[in-house]
Structures are given as structure tokens and as C-alpha cells.
1. Please report Rg (one decimal) and Dmax (integer) in Å for the Cα set of the stretch 169-250.
2. Relative contact order for the chain: what percent, with Cα pairs under 8 Å and sequence separation of 6 or more?
3. Out of 280, 158, 97, any idea which swings most in a Gaussian network model of the chain, alpha carbons joined below 10 Å?
4. Let me know the whole percent of all Cα-Cα pairs from the stretch 47-138 that are separated by more than 16 Å.
5. Which one, 20, 115, 143, has the greatest fluctuation when you compute a Gaussian network model over the chain with C-alpha springs under 10 angstrom?
6. Please report how far the C-alpha centroid of the stretch 172-234 lies from that of the stretch 92-140, rounded to the nearest whole angstrom.
7. Helix 110-122 against the longest principal axis of the chain: what's the angle in degrees, Cα atoms only, rounded to the nearest 10?
8. If a/c stays under 1.5 just call it rounded; otherwise compare a/b with b/c (prolate if a/b is bigger, oblate if not). Do that for the stretch 1-104, with a ≥ b ≥ c from the square roots of the Cα gyration tensor eigenvalues.
């Protein structure tokens, strides 16, 4: 059967401390577990190709962060990186990946901070950790991100058509090669509903550098083997961040992916999948089970 990306659907719900979170699992139930964590302002949809490739041999878990994608969006919701780190820890327990079976974790953008906070602050344990263009080091956040977050209440009042135009332009800027129109539509759609419009600015208003400042001095404590992957043409988080991050993480290896911007999953999916497959396959069979 041919599977198209248009059918990407998270079919399960977890009642987290930050609201209902949508998730799904792909691949054989007895496969080594891998969890994919997306960033902002995206959703698990950016992982669709990588997830399906890895799921040929592994059990792959995907989820939309609280307040993103198909997950619950509501006024007053805590969608800070602190809250997301707690939710991720809750999800790992819900999946049974907090005891004898340690998952490999692949985290992009905000997801990097989420995974690192869960590990360093909440005791989450991983078999391996891959950080892809990760928010982890100061300074981060484009000028646009900071401006929108600082004036969230004002921008939340934009007419729907203007809001959608802003979101489309912002999301498009994460790609070096340019996004396919259908992909752009799918990434923008969650932010253009009645609940999604204020949610787009809410996540910007609630997140700033303090959430990485709290853990940056502890990166030498990270236990699992680490791969740092970076788009060589990333304008949101320039490759220098990747070099610096890899130097702070014990034994980390760095891979730059040429021709890719911040959204490496869209710009160079084959290259990224190959790097992740190599990294996740390293070590003895069953290394994820301890």
C-alpha cells in the first residue's frame, strides 16, 4: 500500500499536566524505541518522512507539543519550555520508557531544550540523543520571534488573513530551499484556527533564554552518546551554535548538512535520515534495552 504524507495523523491522546497531547507510534512494537520531538512553530508533521523510514525497524513515537499542532490549545495554557520538559517526562512514563527500556531521542529546535531539560532536571534517561538545529545555547530566537513575543497581545488581534500571511512568511523563512506549497499549508494550518491564532503568539511570549540558561552549565553531565546535526545554511540558529554545542557535550559528534536551513527535515530529508540511521544503529543490538 502506498502511504502519502497527506494522511499524517496522531491517533492517540494523553492527558498531560499542560493539556491534552496528541501522539502516535509507528513500527514494530518490539523494535528499539525512538522518540522524535519537534520545535517551534512546527508540529510532528515535520518528522513524517524520518519517522516512517526509521519505523521500518524501530518503534517510533511522535507527538505534538502542548499547545502545538493537533494538541490542545487554550487561553491561559502553560506552553513554556519548562512545562514541555515536564510533559515529555510524563509521556515517557506513559509509554513505559522510563524504566528498563531507554529510548533514543531525536529533538529539533525547541525540542532540543525540551529533551535536555527532561534529562537534566527530571531524570529522563536516553540510550542516545540526537540534537538537530537545537535551541540549547544563548543567544537564540530570531529578531522576529522576540518582537512577536514581546507584543503578543497586539499581534493576536490581527485580522485572520493578515495573521495567516505573517505565519506563512515566518515558517517559510526556516527553509533554505523553499517549502512545497502543500507542506507549507500543513505547517501553517494549526495556527490559523480560532484557537490557533492566539496560541501562535502565546508560545513566543512564554519562552525566552532563561529556559536554556538554567541548564546550559550542566551540559557536561549529559550521559548518553550525542549526535549534533545542523543545517549548514541555518539562518535561525547559525552553524556556529552547532559547533559550540558539540564542544560542550561529552564525546558528541557534529554533522553539518550542506544545502539545508533550519528545517533540515524538509531541506535534506534523505541526508538527515541517513545520519540518524547511522547514529541510532551504532552499538550492540539491543543497546536501547537496559
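Values quoted throughout were computed directly from the atomic coordinates according to the rules given, and no laboratory measurement underlies them. Please read all numbers here as calculations on a predicted model, not as lab measurements.
1. Calculated on Cα positions, Rg and Dmax stand at 16.4, 45 Å.
2. 19
3. Among 280, 158, 97, the largest GNM mean-square fluctuation belongs to 158.
4. For the stretch 47-138, the fraction of Cα-Cα distances above 16 Å is 57 percent.
5. 143
6. 14
7. Helix 110-122 sits roughly 60 degrees off the main axis of the chain.
8. Verdict is oblate for the stretch 1-104.
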